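Undergrad: First the structure, which I've put down as structure tokens, then a few questions once you've had a look.
Just so it is clear, none of the values below were taken in a lab; they were calculated from the coordinates. This structure is a prediction, so every number in the text was calculated from the model and none was measured. Cβ atoms come from the backbone with ideal geometry, glycine included; neighbour counts cover every protein chain shown.
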Amino acid sequence: MNLRQLPTTKVLSEHISLCRLDGIDVIRILHPQCQAAISLFGGHLLSFRPTGHKDVIWMSEAADFSGHSAIRGGIPVCWPWFGKVASPSHGFARTSLWELESFNDQQQGVTLTLTLHDSPKTHAIWPFRFLSRLHFDLSETLKVQLSSTNTGHHPWTMSGALHTYLNVGDITQTKLTGLGNEYTDSLAGNQRFPSNGSLLIEDAVDRVYSEAEQTITVEDPYHYRRLTVKNCGNNSAVVWNPWQPASAGMADMTPDGYITMLCVESALTNQGITLAPGQSHHITTEIHAE
């Protein structure tokens, strides 16, 4: 994605502009520390490239930017649930229109905050009052925090994830460490298996690691770099790659798209967490390339 070619609709500061990409509004950051793009549709980070590196975040070459369906790649926001436990799959946040609440453009980097409130549209899907905030801290490191607050008078339960798609050079050369000692395999009937904490991917993978370390390391030898993914506020780390047959069957993914992508997600799975009125919870992922 060539961010400089996006047509500018409004200049917000020296390094921050509002742009248009097909059917969606995008906040573009062109800063000495990094380049990035965040879609207001879905509160979706589309791109992040620290200066001197290739893009850390993977985006499908066939992604749909019409604003009518979820975007394949980037960091989708799965909320207020994760997976197919209800409809729509992965919740409504990733296909909702978020609002820019604030931004700060400084020498060391850029910070942005987006908000999503409950509305008659969300009440038709999920009958609770809430305020969600997405805070982006963009410098040589990427930090994304999803904050969820119960603004109603009754408790409710949420799950969710920051569904990060990492950009790797060759999935068959990529190694993960820090995954903990067990996982649930969604491709094997949700059976539990022991783990030695590391993973080399040779086929489709869809695993929930419930004992993962706070920091997961992704060795990307093709790009001569190491990515560190630090997750907080989660109860598991999800690792996913659909592999070739499934990739070829997705309308918004090219048949060979699986070769350069790897999802390492900061997730609240299973029963999630219950928030009392006025209570908040934060899910965070922080990514650094070295």
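Undergrad: Counting each DSSP H run of 4 or more residues in the chain as -39500 (n - 2.57), what helix-only mean residue ellipticity at 222 nm follows after dividing by all residues, to the nearest 500 deg cm²/dmol?
TA: -500 deg cm²/dmol
Undergrad: Local charge sum around ASN234 (other residues, Cβ-Cβ under 13 Å, Lys/Arg +1, Asp/Glu -1)?
TA: -3
Undergrad: In addition: Once the Cβ-Cβ distance between LYS84 and HIS288 is put in as r, and R0 is 45 Å, what FRET efficiency do you end up with, to the nearest 0.05? Please list the in-between numbers first.
TA: Working: r = 32 Å, r/R0 = 0.71.
That pair, LYS84 with HIS288, gives E of 0.90.
Undergrad: Moving to a separate point now. Can you give me the distance in nm between label points at VAL11 and ARG192, each placed 7 Å from the Cα along the Cα-to-Cβ direction?
TA: The two pseudo-label positions are separated by 5.8 nm.
Undergrad: Which FRET efficiency, nearest 0.05, do GLN244 and LEU30 yield, Cβ-Cβ r, R0 41 Å? Before the final figure, lay out the partial values.
TA: Numbers: r = 35 Å, r/R0 = 0.86.
After rounding, the FRET efficiency stands at 0.70.
Undergrad: Same structure again: Given the options GLN107, GLN35, GLN214, which has the most mean-square fluctuation in a GNM of the chain, springs set between C-alpha atoms less than 10 angstrom apart?
TA: Of GLN107, GLN35, GLN214, the Gaussian network model singles out GLN107 as fluctuating most.
Undergrad: Further, regarding this structure: What does the charge add up to near THR269, with Lys and Arg as +1, Asp and Glu as -1, over the other residues with Cβ less than 14 Å from its Cβ?
TA: -2
Undergrad: Could you work out the local net charge near LEU179, counting Lys and Arg as +1, Asp and Glu as -1, over the other residues with Cβ closer than 12 Å to its Cβ? Don't skip to the end; give the middle numbers.
TA: Working: positive: LYS175, ARG207; negative: GLU182, GLU211, GLU213.
That works out to -1.
Undergrad: Now, a different point. Calculate one ³J(HN,Hα) per residue across the range 135-149 by plugging θ = phi - 60° into the Karplus curve 6.51 cos²θ - 1.76 cosθ + 1.60, and present them in order as whole Hz with x for glycine and proline.
TA: Couplings: 10, 10, 10, 10, 8, 6, 10, 9, 10, 10, 10, 9, 10, 10, 10 Hz.
Undergrad: May I ask for the longest run of the chain untouched by trypsin sites (Lys or Arg not before Pro) that are loop-located per DSSP and have at most 15 neighbouring C-beta atoms (other than their own) within 10 Å?
TA: Working: sites that count: LYS54, LYS84.
Result for the longest clean stretch: 85-290.
Undergrad: Sticking with this structure for a sec: Using the count of nearby Cβ atoms within 10 Å as a rough guide to exposure, how do SER236, SER96 rank from fewest to most? Don't skip to the end; give the middle numbers.
TA: On the way: SER236 23, SER96 20.
Neighbour counts put them in this order, fewest first: SER96, SER236.
Undergrad: Considering the chain as a Gaussian network with a 10 Å cut-off on Cα pairs, which listed residue, PHE130, PHE92, PHE193, attains the greatest mean-square fluctuation?
TA: PHE193
Undergrad: While we're looking at this one, here's another question. Along the Cα-to-Cβ line of LYS54, 7 Å from the Cα, sits a label point; which residues in the range 227-264 have backbone N less than 11 Å from it?
TA: Hits in the range 227-264 for LYS54 at 11 Å: 260-261.
Undergrad: May I ask for log10 I(q)/I(0) of the chain at q = 0.07, 0.08, 0.11 Å⁻¹, from a Debye sum over the Cα atoms as equal point scatterers with solvent left out?
TA: Reported log10 I(q)/I(0), two decimals: -0.24, -0.32, -0.61.
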